[in-house]
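The block underneath contains the structure these notes are about, expressed in structure tokens.
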Amino acid sequence: MMAPAWTTARLVLALLVPLALAACGGGYNGSVQCAPYARSVTGLHLSGDAAGWWRQSNGVYAHSQTPRPGDVLVFRATSRMPAGHVSVVRRVVGPRAVLVDHANWQPGRVEHNVPVVDVSRRNDWSAVRVWWGPSRAIGRRIYPAYGFIEPLSAQLAGLS
């Protein structure tokens with residue numbers, strides 16, 4: 001015997017609504033976005049689109065053009081990434097290379113130890129290339145970036 005259409009619709013809604021809320025609320029099971037992920041890892045009290053974090057953090061958190069573990073790399077908004085992007089620096093590999101943790105670079109995934117390379121002319125992290133897992137190589141696209149936001153916990157611990 002088949003369930004009435006309204007019962008099936010309720011069941012579908014009951015299953016889909018929590019999944020949709022996990023996507024915008026920062027659930028980490030395949031639907032996480034970069035900003036909620038970075039916020040949960042760093043403790044930064046910032047909200048909204050990733051690209052807006054730079055302006056929003058001005059005067060609240062330290063900004064830098066030099067990466068340190070725990071810092072948040074803020075990507076500018078572009079036509080391909082209208083909300084921008086944020087990544088958390090895990091390790092500095094060299095003056096122009098870091099490993100980051102971030103979410104949703106590959107849609108719906110959290111990735112760890114992802115190489116990011118500074119390709120800016122002034123060595124100021126204003127232009128970067130990011131590892132693209134499916135191709136197993138640094139991506140060809142160059143992404144504009146603002147720089148790094150330093151979480152208060154790093155400042156208070158004297159890590160800056």
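If a residue counts only when it is over 20 Å from residue 65 (Cα atoms) and in contact with a Gly (Cβ under 8 Å, 6 or more places away or on another chain), which strands (runs of 3 or more DSSP E) contained entirely in the range 76-156 have at least 1 such residues?
Counting at least 1 such residues, we get 110-118, 127-132.
I'm trying to understand the selection: among the residues of the range 42-75, which are among the polar types (S, T, N, Q), more than 25 Å from residue 115 (Cα to Cα) and not in a helix (DSSP H, G or I)?
47, 58
Considering each of 91, 80 in turn, give the residue that is of a type outside the set (Ser, Thr, Tyr) and over 26 Å from residue 43 (Cβ atoms). Working first, answer last.
Details: 91 fails: over 26 Å from residue 43 (Cβ atoms).
Result of the check over 91, 80: 80.
Taking residue 131 as the residue in question, decide whether it is surrounded by 16 or more Cβ atoms within 10 Å (Cβ to Cβ), modelled with pLDDT of 95 or more and in contact with an Asp or Glu (Cβ under 7 Å, 6 or more places away or on another chain).
Answer is no for this residue.
The values are calculated or read from the model by the stated rules, or taken from the named source; none is laboratory data. Just so we're clear, the structure is a prediction, and the values are computed from it rather than from any experiment. We place every Cβ from the backbone using ideal geometry, glycine too, and count neighbours over all the protein chains shown.
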